[in-house]
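The values are calculated or read from the model by the stated rules, or taken from the named source; none is laboratory data. Note that this is a predicted model, so its numbers are computed, not measured. Cβ atoms come from the backbone with ideal geometry, glycine included; neighbour counts cover every protein chain shown. SASA here: full protein model, heavy atoms, side chains in, ligands and nucleic acids out. Shrake-Rupley method; radii C 1.70, N 1.55, O 1.52, S 1.80 Å.
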Amino acid sequence: MFDEIQFDRIKRLPKYVFAEVNELKMARRRAGADVIDFSMGNPDGDTPEHIREKLIESAQKTKTHGYSVSKGIPKLRQAICDWYKRRYDVDLDPETEAVATMGSKEGYAHLAYAITNPGDVVVVPDPTYPIHSYAFILAGGNVQKMELPFDEDYKVDEDLFFERLEQAFHVSFPKPKYVVVNFPHNPTTATVTPAFYTRIVEMAKRERFYIISDIAYGDITFDGYATPSILAVPGAKDVAVESFTLSKSYNMAGWRVGFFVGNPKLIGALQKIKSWLDYGMFTPIQVAATVALQGDQSCVKEIVEKYDHRQDVLLEAFNRAGWPIRRNQSSMFVWARIPECARHMGSLEFSKRLLVEANVAVAPGIGFGDYGDEYVRIALIENDKRIRQAAKNIKHFLQSLGCKGGE
């Protein structure tokens, strides 16, 4: 009715690419199709029993049903800091260097809102998890994209990464204030060495920018790889914050529990803006999250082993179907280059046809950025039987395209 009233912030958002696949997926299911769904990183396992029991116990206490603390209850923030000390030997102040968030996605959106001035520039490697870019765009900033270089074994070419990062600073005006890094990487699964963080901390101090690091998949690693933390670098807290989520490690995706730690200036900004915008998570969820971080971690090991096994099953089955994919060392995803015979379609068209003709849903790489368009992301959220059935469907689909290969 009021055409003169425009929502400029929303207009900066493009059409959500994944919505097309989701709508098509729902239409297929309504038509009775048995869709094998690898499209979303939504863990299929149960939240560990001891975490659920703590939630129930805490929820039975009526005193926990009032407003909570927006930055996280003290015990949860202490548990976060203790987790970092055990895992990375990093000392953190739970008052000034830690904040609990409603999942890491909410944390990114509110952090960007708190620290971004109109026109500020953030460097984000491409492809990327969309919130890493659009949190800053929604806050009025601008994104300087940089192609993420990695080899066929999903290891970042660190020398080339820093060449491109230096170039991004050279061509950008105004000069970037923030750089986002995310390893193990979503969507590509790419990994870095501890030396990577030493170099980027040194560069941040030289070029005067803050680093926002995301290690959401830090627990999910294979073949002896261990995720490093930027905060383990001496002096990193001067220039960096890091985020983590309990969604993947503990099968708690719907619980929406995450946190940011590190630089007191950025953490303080996030704590302050959250104090205006929310009253924190439901207290029993925070109590249960405290138990998750402090309790027996064998559940994490079991979850990691499940993804490790599923990756083996998927790679073997898909290779037989004519879709060769190399093994990665991290995350609950496979970043698969589209078979050469179908690469001309681009990732969106390929994903849509795969869904309609093979009843297999994947996430098109273009949804993560321009440099992802030759790939699709496959989430390891279906069991062995479903993975093998998907491979059979894919084999017939690729044969219908005239593709060669497969047994």
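Counting only protein chains, not ligands or nucleic acids, how are Thr188, Thr193 ordered by accessible area (probe 1.4 Å), most first?
The ranking, largest first, comes out as Thr193, Thr188.
Can you give me the angle between helix 103-115 and the longest principal axis of the chain, using Cα atoms only, in degrees from 0 to 90, rounded to the nearest 10?
Long axis of 103-115 versus the principal axis of the chain: about 60 degrees.
Put +1 on the Cβ of each Lys and Arg and -1 on the Cβ of each Asp and Glu in the chain; which of Val90, Gly254, Ile137 then has its Cα farthest toward the positive end of the dipole?
The residue sitting most towards the positive pole is Gly254.
Size of the dipole of the stretch 206-259 about the Cα centre, Lys and Arg at +1 and Asp and Glu at -1 on the beta carbon, nothing else charged, in debye to 20?
For this selection, approximately 160 debye.
Testing the spin-label approximation: label points 7 Å from Cα along Cα→Cβ at Glu302 and Arg9. State their distance in nm.
Result for the modelled spin labels: 4.3 nm.
Could you list, by residue number, the cysteines of the chain that have no other cysteine's beta carbon within less than 4.7 Å of their beta carbon?
Cys81, Cys299
Could you compute the net charge surrounding Ile56? Neighbours are other residues with a C-beta less than 15 Å from the C-beta of Ile56; K and R count +1, D and E count -1.
Local charge sum for Ile56: -1.
If you count the DSSP beta bridges with both ends in the chain, what percent of them are antiparallel, to the nearest 5?
About 45 percent, rounded to the nearest 5.
For the Cα atoms of the chain, what angle does the longest principal axis make with the long axis of helix 384-400, in degrees from 0 to 90, nearest 10?
Its long axis makes an angle of about 50 degrees.
Please give, to one decimal in nm, the separation of the simple spin-label points placed at Met26 and Thr96, each 7 Å out from Cα toward the Cβ.
4.8
Charges only on Cβ, +1 for Lys and Arg, -1 for Asp and Glu: so what's the dipole of the stretch 1-137 about the Cα centre, in debye to the nearest 20?
My answer is approximately 320 debye.
For the stretch 1-144, rounded, prolate or oblate, judged on the Cα gyration tensor with a ≥ b ≥ c (square roots of eigenvalues), a/c < 1.5 rounded, else prolate if a/b > b/c?
Oblate, because a/c is 1.5 or more while a/b does not exceed b/c.
Please label the shape of the stretch 126-273 as rounded, prolate or oblate, based on the square roots a ≥ b ≥ c of the eigenvalues of the alpha-carbon gyration tensor (a/c under 1.5 means rounded; beyond that, a/b larger than b/c means prolate, else oblate).
Rounded, since a/c falls under 1.5.
Which whole-angstrom value gives the distance between the alpha carbon centres of the stretch 175-214 and the stretch 344-395?
The stretch 175-214 and the stretch 344-395 have Cα centres spaced 29 Å from each other.
Relative contact order (percent) for the chain, with alpha-carbon contacts under 8 angstrom and 6 or more residues of separation?
Over the chain, the number comes to 24 percent.
Rounded if a/c is under 1.5, else prolate if a/b is larger than b/c, else oblate: which is the stretch 186-328, with a ≥ b ≥ c the root eigenvalues of its Cα gyration tensor?
oblate
About the Cα centre of the chain, what is the dipole size in debye to 20, counting +1 per Lys and Arg Cβ and -1 per Asp and Glu Cβ, all else neutral?
With Lys and Arg at +1 and Asp and Glu at -1, about 820 debye.
Among the DSSP beta bridges whose two residues both lie in the stretch 26-184, what percent are antiparallel, rounded to the nearest 5?
10
According to a simple spin-label model (label point 7 Å from Cα along Cα-to-Cβ), what is the distance in nm between His170 and His50?
5.3
Residues of the chain: accessible area per residue at 1.4 Å, in Å²?
44
How much accessible area does Met26 have with a 1.4 Å probe, in Å² rounded to the nearest 10?
90
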